[in-house]
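The values are calculated or read from the model by the stated rules, or taken from the named source; none is laboratory data. Since this is a predicted model, take the numbers as computed values, not measurements. Every residue, glycine among them, receives a Cβ derived from its backbone with ideal geometry; neighbour counts consider all protein chains shown. Remember, those area values only see protein heavy atoms, side chains included, never the ligands or the DNA or RNA. Shrake-Rupley method; radii C 1.70, N 1.55, O 1.52, S 1.80 Å.
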Amino acid sequence: IGAMGALVSMTAIAVFLGRLFRSIKIPALNGLKVDQYVAVAAFVYFGVKLLRDSYLAPDSSQGMDGELQDAQREVREKGTARSKP
């Protein structure tokens with residue numbers, strides 16, 4: 001229910017905002033579509049933010065090595081448990 005509810009609510013919000021921005025008529029813009037510029041600005045902002053956050057994030061390779069070792073140990077344990085009659 002959680003993921004489906006999130007999908008439905010985000011779709012409804014996106015449709016509402018899209019229709020809202022399409023209905024805005026500003027004479028100074030001479031017919032330019034505000035929603036397209038807002039969408040581009042949002043994509044640029046969040047794209048740059050994601051790239052910056054990933055660049056500044058601490059190195060997590062040590063955590064991944066630990067996860068890999070845990071997974072390999074788990075596979076070995078399951079393999080030996082199956083081979084026993």
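Couple of notes before you dig in:
- Residue in the stretch 33-58 that is farthest from the chain's Cα centre (by Cα), counting only those that are surrounded by 10 or more Cβ atoms within 10 Å (Cβ to Cβ) and at pLDDT below 85: 33
- Number of positions in the stretch 59-85 that are open to solvent by less than 90 Å² (accessible area, probe 1.4 Å), modelled with pLDDT under 85 and among the acidic types (Asp, Glu): 1
- Residue match in the stretch 15-22 (condition: at pLDDT below 85, within 19 Å of the chain's Cα centre (by Cα) and open to solvent by less than 60 Å² (accessible area, probe 1.4 Å)): no
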